[in-house]
1. Residue by residue, what Karplus-based ³J(HN,Hα) values in Hz, rounded to whole numbers, does the range 82-87 have, using 6.51, -1.76 and 1.60 with θ = phi - 60° and x for Gly and Pro?
2. Given labels modelled 7 Å from the Cα in the Cβ direction, how far is it in nm from Gln33 to Thr144?
3. Apply the Karplus curve 6.51 cos²θ - 1.76 cosθ + 1.60, θ = phi - 60°, to the phi angles in the range 97-109 and return the couplings in whole Hz, x for Gly and Pro.
4. Please report Ile156, Ile138, Ile108 as a ranked list, fewest other C-beta atoms within 10 angstrom at the top and most at the bottom.
5. When a/c reaches 1.5 or more, the comparison of a/b and b/c decides; with that in mind, is the range 76-139 rounded, prolate or oblate per its Cα gyration tensor?
6. Can you pull the one-decimal nm distance between simple spin-label points at Leu61 and Thr124, each 7 Å off the Cα toward Cβ?
7. Show the residues, 5+ positions off or on another chain, whose built amide H is closer than 5 Å to the amide H of Leu123.
8. Using each residue's phi in the range 129-140, evaluate 6.51 cos²θ - 1.76 cosθ + 1.60 at θ = phi - 60° and report the 3J(HN,Hα) Karplus result to the nearest Hz, with x for Gly and Pro.
Amino acid sequence: MSSTEGEPLYTIDEAFKDSSSQCCQEILAYLQQLKVPISQAQLQEISPTALAYLGDAVYELHMRMFYLLPPQRPETYHRMVVSQVRAETQALHLQLLIPHLLSSELEIVRRGRNAASGRPKRLTLQIYQQATSLETLIGYLFLTDQARLTELLQKIPLER
């Protein structure tokens, strides 16, 4: 879409007319344009912890986009998103995705689990490792295969 100077490319109504899933795909496409190309060699240099750091941001953005409609009060948005980005929920989401993962994705999950270190304060180590594994996978797929990332994120059962 093109616009004249000062006009938005599209209105909120147009951006969300089909569904939040369509919106998610449009935002991921936009983010793809912003992404700096990363070679396979550079990708191998990125630690699982760094991938989890990126994946955490992408996962939260996905949840924020999902809950954006219907319009709510900011406190309601926050409550709904926080319930999904908690480590316990992320661990559950990982378990739901495991049957759908390819062997290469399972390897990324394993790397993420092994990279999760430290002593979580309110969680078991297992839940912390699973949440970190999911974030690592999301970060990796964001950099390598956003279509696959979208496919997997759509398999997570979310309720409005």
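Bear in mind that the values in this text are calculations on the coordinates, not laboratory data. None of these values were measured; they are calculated from a predicted model. So basically every Cβ, Gly included, is an ideal-geometry build from the backbone, and we count neighbours across all protein chains shown.
1. 4, 5, 8, 9, 5, 4
2. According to this spin-label approximation, the distance is 2.7 nm.
3. Karplus values, whole Hz, x for Gly and Pro: 8, 3, x, 9, 7, 7, 4, 5, 6, 4, 5, 5, 4.
4. Final ranking by Cβ density, sparse to dense: Ile156, Ile108, Ile138.
5. oblate
6. 3.3 nm
7. none
8. 3J(HN,Hα) across the range 129-140, in whole Hz: 5, 5, 5, 5, 4, 4, 4, 5, 4, 5, x, 5.
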